[in-house]
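A short write-up of the structure that comes next.
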Amino acid sequence: MKSGPRRLSLSASPPGDPEAARAAAFASARLIAAELRNAGITVNCTPVLDVPEAGAHDIIGDRAFSFDPDIVSDLGRAVVEGTLAGGVLPVIKHVPGHGRARADSHLALPQIDASPEELIAVDFRPFMALCHAPLAMTAHVLLPAFDEERPASVSPVIMGEVIRELIGLTGLVMSDDIGMEALGGPMAERAASVIAAGCDVALHCSGKFDEMREVARVVPPLDGMCAERFARAIAELGEPQAFDADQALSLVSEAAARSGSVA
């Protein structure tokens, strides 16, 4: 797998001590949540639960916790808990998994040619472990094992049978940015397609007002199960819990020093 500048490698810090890795992951998430909450931001699109493999595109790269799905699950849970403890909602991503992709979905549609058994054993496992997270974000990837024609975000089969039933996600699911080149067609068509497939929310990130108006014309208000999932997510948004910021920063700094990474 190609890699860019190294970031904090929590899964390897310190080697052989998963409890310390979990503590550092929690502390890192708690510190970030404190900064976000102080700025009035109450949602953070973290953790990345994608499991990479050798040869995959580096768009996930060192955003991934590990090549081991169990470590990804473990540290992902710590980040979810640390984020919630800071009064911020986490968004697990990119369901059902982007780690094997050999293309950047910002620029093209990646096709992941893995069997259902391989996907369930590796890619889906962290999402299954954290299936009750309040919020999740989809991956714009093609999974021929389940749908040969439609990317996951616009596939009723993957959104329904895989993400909701097989993986078991119970929270609100948003699409990844519909402006990414993995999806084609006019912006309104993309927005309508992700909603029709089963996404609760169409995520549109360009900030271009002509696109925003186009999207707003076709997306419905939150209603029914979508509104219920949103309400359940908001109910998890509590006041930040007390914590020792200096101690948290020390844990993160120690983890970075042991792994030789940049915190």
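Observations, loosely collected:
- For A29: the one exception among (1) under 24 Å from R164 (Cβ atoms); (2) out of contact with any Phe, Trp or Tyr (no Cβ under 8 Å at 6 or more places or on another chain); (3) among the aliphatic types (A, V, I, L, M): (1)
- Candidate set from segment 29-50 (those that are under 15 Å from the mean Cα position of the chain (by Cα) and not hydrophobic (A, V, I, L, M, F, W, C)); member that is farthest from L135 (Cα to Cα): D50
- Residue check for L249: surrounded by fewer than 17 Cβ atoms within 10 Å (Cβ to Cβ), hydrophobic (A, V, I, L, M, F, W, C) and in contact with a strand residue (DSSP E or B) (Cβ under 8 Å, 6 or more places away or on another chain): no
- Enumeration of residues in segment 51-106 that are of a type outside the set (A, V, I, L, M), more than 11 Å from the chain's Cα centre (by Cα), part of a helix (DSSP H, G or I) and at pLDDT 95 or above: P69, D70, S73, D74, R77, E81, G82, T83
- Number of residues in segment 83-108 that are surrounded by fewer than 24 Cβ atoms within 10 Å (Cβ to Cβ) and touching a Gly at 6+ places or on another chain (Cβ under 8 Å): the value is 3.
- Criterion applied to A242, A227 was being more than 19 Å from V91 (Cβ to Cβ) and either within 22 Å of the chain's Cα centre (by Cα) or hydrophobic (A, V, I, L, M, F, W, C) (or both), and the one residue passing it is A242.
- Close contacts from segment 15-41, counting a first residue that is over 12 Å from T83 (Cβ atoms) and in contact (Cβ under 8 Å) with a residue 60 or more places away in the chain and a second that is surrounded by 18 or more Cβ atoms within 10 Å (Cβ to Cβ) and of a type in the set (S, T, N, Q), with Cβ to Cβ under 9 Å and a gap of 6+ residues or different chains, come to P15/S259; A20/S13; A21/S11; A21/S13; A24/S13.
- For E214, the stated conditions hold: it is buried (at least 17 other Cβ atoms within 10 Å of the Cβ) and more than 24 Å from D104 (Cα to Cα).
- Residue among V122, V162, V154, V141 that alone is buried (at least 18 other Cβ atoms within 10 Å of the Cβ), of a type in the set (A, V, I, L, M, F, W, C) and over 21 Å from M174 (Cβ atoms): V122
- Filtering segment 19-50 to residues that are in contact with a strand residue (DSSP E or B) (Cβ under 8 Å, 6 or more places away or on another chain) and assigned to a helix (DSSP H, G or I) leaves A29, I32, A33, L36.
- Residue match in segment 169-187 (condition: surrounded by fewer than 17 Cβ atoms within 10 Å (Cβ to Cβ) and among the polar types (S, T, N, Q)): yes
- Of the helices (runs of 4 or more DSSP H) contained entirely in segment 147-248, those carrying at least 1 residues that are among the β-branched types (V, I, T) and more than 30 Å from S115 (Cα to Cα) fall at 209-218, 224-235.
The values are calculated or read from the model by the stated rules, or taken from the named source; none is laboratory data. It should be emphasised that the depicted structure is a prediction, and the values quoted were computed from it without experimental measurement. Note that each Cβ is placed from the backbone with ideal geometry, even for glycine, and that neighbours are counted across all protein chains shown.
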